[in-house]
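Below is one structure, written out as structure tokens; comments come after it.
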Ligand code: MG
């Protein structure tokens, strides 16, 4: 069946879509009440909240789909503040002509990923617009920050080490390959980073800063952190993990994995004397098995300054700047 404007009318077709696709996959005690708004029990203390819109094309790709991507993307942003993700809302924009089989698979995938991440989808909305069968999703998430946890870009300090959870560029290379119809085995890294954050906090690692390495890539994110903290970050290029397949693919197209988008990678910045333990903990998780220490945080060259430098394998040092221009549109 194809989506038609009637599915957005609020009438019988909308009801059908609700019960046959969304209700079937998303059912839980909060959502099933079908009230105008979800009523949630909150605790004292701080919550973390994040919202993101997902417009990736193609909507299904090797290693994931827009449904898995939107849950992981929002959950990861909440995790990066040291919070425990609890609730998600989702808004769907369906274009006329979308195949309901595709929608069903995407919604099933969202539900499965939400279960895995331990979050409940508690509110949602659907609109249908004219178009050519596309699908876009906005997700908003809420998490609770446990007492005493303080993770922020501004918290990293000279002497800290930067650990990346795995190889860079996989999601970007996967989407670009699909778009360019290049056959290869590159799979998106789309995934939820909860196993890593659980491992680090579970063993009492004093994490100063975390960021998921999404659009803009590692180069951009390290610059944002250096700016917030007023530090210099020095990256060891030879330590940055990139798979052979992505190395070959990006080399062919003249892309730099340091600026390529990822959807299941993060950095953790930890005190230098806890870095080896944190690395070992990360490597013990599914999503962090290829983790590596790639950089250290140092004093800025002048007070109030910040910079990111990269040491090349030949011993030269250059500035690692932010990404300029659009790397690849509709990657997430
Ligand atoms: Mg983020």
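Read-outs: derived from the displayed coordinates by stated rules, not from any lab. This structure is a prediction, so every number in the text was calculated from the model and none was measured. All Cβ positions, glycine included, derive from the backbone under ideal geometry; neighbour counts span all protein chains shown.
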Any idea what angle helix 100-117 forms with the longest principal axis of the chain, computed on alpha-carbon atoms, 0 to 90 degrees, nearest 10?
-> 50 degrees
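What share of the DSSP beta bridges in the range 13-165 is antiparallel, in percent to the nearest 5? If you can, show how the numbers build up before the last one.
Values: 20 of 29 bridges.
Beta bridges within the range 13-165, antiparallel portion: roughly 70 percent.
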Tell me, in nm to one decimal, what length is gained between residue 57 and residue 253 on full extension, where the rule is 0.36 nm per residue of separation less the Cα-Cα distance?
-> 68.6 nm
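Let me know the shape class of the range 1-152, please: from the alpha-carbon gyration tensor, a ≥ b ≥ c as square roots of the eigenvalues, rounded when a/c is under 1.5, otherwise prolate if a/b is greater than b/c, or oblate.
In terms of gyration-tensor shape, prolate.
Nearest 5 percent is fine: what portion of the DSSP beta bridges confined to the chain is antiparallel? The partial results should precede the final answer.
Values: 41 of 55 bridges.
Percentage antiparallel, nearest 5: 75.
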One can check that the equivalent ellipsoid of the range 220-287, built from the alpha-carbon gyration tensor with semi-axes equal to the square roots of five times its eigenvalues, has lengths in Å, largest first, of 24, 18, 11
Nearest 0.05, what FRET efficiency do residue 179 and residue 9 give at R0 = 30 Å with Cβ-Cβ as r?
-> 0.35
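For the chain, what is the per residue volume of the convex hull drawn over the alpha-carbon atoms, in cubic angstrom? Mind showing how you got there, number by number?
On the way: hull volume 46.8 nm³, N = 332.
Cα-based convex hull of the chain, divided per residue, equals 141 Å³.
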Rounded to 10°, Cα long-axis angle of helix 66-79 versus longest principal axis of the chain = 50 degrees
Only helices counted: for the chain, with every DSSP H run of 4 or more residues adding -39500 (n - 2.57) and the sum spread over all residues, [θ] at 222 nm is -8500 deg cm²/dmol
With r defined as the distance between the Cβ atoms of residue 42 and residue 299 and R0 fixed at 56 Å, what FRET efficiency is calculated, to the nearest 0.05?
-> 0.85
Just how far, in whole angstrom, is the range 37-82 from the range 191-243 if you go by their alpha carbon centroids?
-> 19 Å
Want the number for residue 228 to residue 129: 0.36 nm per residue separation, take away the alpha-carbon distance, what's left?
-> 31.6 nm
Label point 7 Å beyond Cα of residue 239 along Cβ direction - residues of the range 142-175 with amide nitrogen under 11 Å | 160-164
The helix 244-253 Cα axis meets the longest alpha-carbon principal axis of the chain at an angle in degrees, between 0 and 90 and rounded to 10, of 90 degrees
Cα-based Rg and Dmax for the range 26-94, in Å, come out at 14.1, 41
